[in-house]
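Asks: Dumping the structure here so I can ask a few things about it.
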Amino acid sequence: MLKKVAILANGGDVAGFNAVIRGIKKTCEEKGIECYGFIEGYKGLLENNTVRLDNQEISSGILSKGGSIIGSSTNYNVFNFKVEENGQVVYKDLSEKCIENIKADGFDCVFTLGGDGTQKSARDFYKRGVNIIGVPKTIDNDVACTDITFGYNTAVSVAMEALDRLHTTGETHHRIMVLEVMGRYAGWIALESAIAGGADIALIPEIPFDINKAVEKINRRKEAGKPFSVVVVAEGAAPKGGTISVKETRNNGEGVDNTKLGGIGETVAKQLQELTGLEARNTTLGYMQRGGTPTAYDRVLSTKYGAKAMQLALEEKFGVLTVIKNGKLDSVPLEKVVGKNKQIGAASGNTEKSNLRKVTMDDDLVKTARSIGICLGD
């Protein structure tokens, strides 16, 4: 009998976090179930820092609000946690403390809202006996086993609007306008926003690019009387034979992704200016893609995910991720989501063994982009 549940939001913020939280807590209110939130994701789980959400003022009017009312933590792998003892950095498995907190609080289920790393830890907790249900979140849209993640549509919409604005500037001043968008290992945002925003070139992580192919596209446009071009570059895009552009390497501990990407947009703009003779300018959209009001699509998707997650909990179907498959709500085992990244306590996401959902060359978006003449750098 489900009596008390908790929500945990983890990883980078996205528009739609609060809509999922609302979907879960409103279903709880309908069923007479207590609903709580762990403050700041896995950090709050470790510290046992909670707030009640059902029938509370804090969770009222949050459908249209960006961010997360219960916060979110990044780089928090409680199975391999960085601590300092006697002046030395050591790594400890603190998951048992988290499990003790869940038991002491009396939670019958914990909902984990997050991406690859979040769901890897969720799977590890499930293997240790915790009733867990995941909800796929990330603007990169790269969580395995689902057609779409919440937060992605809003990010694409923001990128599309930026391209609309850059287009007019490029056309006015006969410039190449480059927009760098997020997308570490998957180019969904770059590709879809390029189609929606009328870009001429889209460079994504899945296709190592030849800058000369982009130059050829721009020169053909010049010859056709269009001395300007719009280029979208995913932050994880890299040239053939090259590597991704790392802005800095952080020291957030083992088992988390410590690389901060950035700079590929500036590099591409500089190269295109030198090779075409046209002025080129780069705009890095950055955190604009994460924040603000969610689109209608993301509000509905997030609510559906939240309600579905509660339905699964009521049916006692734990250890799963809520997903959209062929347009319908469904669920898949977290074991399948983590792919080959099986070891408990191993890196919590973005590793070579991670089961990330990337753009494939037979995807309809790729076919559409090629059909309408968008250069993909190959």
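The values are calculated or read from the model by the stated rules, or taken from the named source; none is laboratory data. Values in this document were obtained by computation on a predicted structure and should not be read as measured data. FYI the Cβ positions are ideal-geometry reconstructions off the backbone, even for glycines, and counts take in every protein chain you see.
Asks: What residue, of LYS342, LYS367, is of a type in the set (Lys, Arg), in a loop (DSSP other than H, G, I, E, B) and without any contact (Cβ under 8 Å) to a residue 24 or more places away in the chain?
Replies: LYS342
Asks: Could you tell me which of the residues GLY71, GLY66, GLY32 is assigned by TED's automatic domain parsing to the domain that holds VAL135 and either within 24 Å of LEU314 (Cβ to Cβ) or of a type in the set (Asp, Glu) (or both)?
Replies: Values: GLY71 fails: either within 24 Å of LEU314 (Cβ to Cβ) or of a type in the set (Asp, Glu) (or both); GLY66 fails: either within 24 Å of LEU314 (Cβ to Cβ) or of a type in the set (Asp, Glu) (or both).
Exactly one residue qualifies, and that residue is GLY32.
Asks: Of the residues that sit in segment 249-294 and are over 30 Å from VAL215 (Cα atoms) and surrounded by 18 or more Cβ atoms within 10 Å (Cβ to Cβ), which one is modelled with the highest pLDDT?
Replies: PRO294
Asks: Being in contact (Cβ under 8 Å) with a residue 24 or more places away in the chain, surrounded by fewer than 21 Cβ atoms within 10 Å (Cβ to Cβ), of a type in the set (Ser, Thr, Tyr) and at negative phi is true for just one of SER59, SER64. Which residue is that?
Replies: SER64
Asks: I'm trying to understand the selection: among the residues of segment 95-118, which are touching a Leu at 6+ places or on another chain (Cβ under 7 Å) and either at pLDDT below 95 or more than 25 Å from ASP13 (Cβ to Cβ) (or both)?
Replies: LYS97, ASP108, ASP116
Asks: Those residues that are crowded, with 24+ Cβ neighbours inside 10 Å and in a helix (DSSP H, G or I), I need them from segment 124-152; list them, please.
Replies: Those that are crowded, with 24+ Cβ neighbours inside 10 Å and in a helix (DSSP H, G or I): ASP124, PHE125, TYR152.
Asks: Among the residues of segment 188-211, is any over 20 Å from ASP164 (Cα atoms), in contact with a Leu (Cβ under 9 Å, 6 or more places away or on another chain) and in a helix (DSSP H, G or I)?
Replies: For segment 188-211, residues over 20 Å from ASP164 (Cα atoms), in contact with a Leu (Cβ under 9 Å, 6 or more places away or on another chain) and in a helix (DSSP H, G or I): present.
Asks: Looking for whichever is modelled with pLDDT of 95 or more, surrounded by 15 or more Cβ atoms within 10 Å (Cβ to Cβ) and within 17 Å of MET182 (Cβ to Cβ) here; the options are VAL332, VAL359. Which one fits? Even if it seems obvious, please write down each step before you answer.
Replies: On the way: VAL332 fails: within 17 Å of MET182 (Cβ to Cβ).
From the options VAL332, VAL359, the qualifying one is VAL359.
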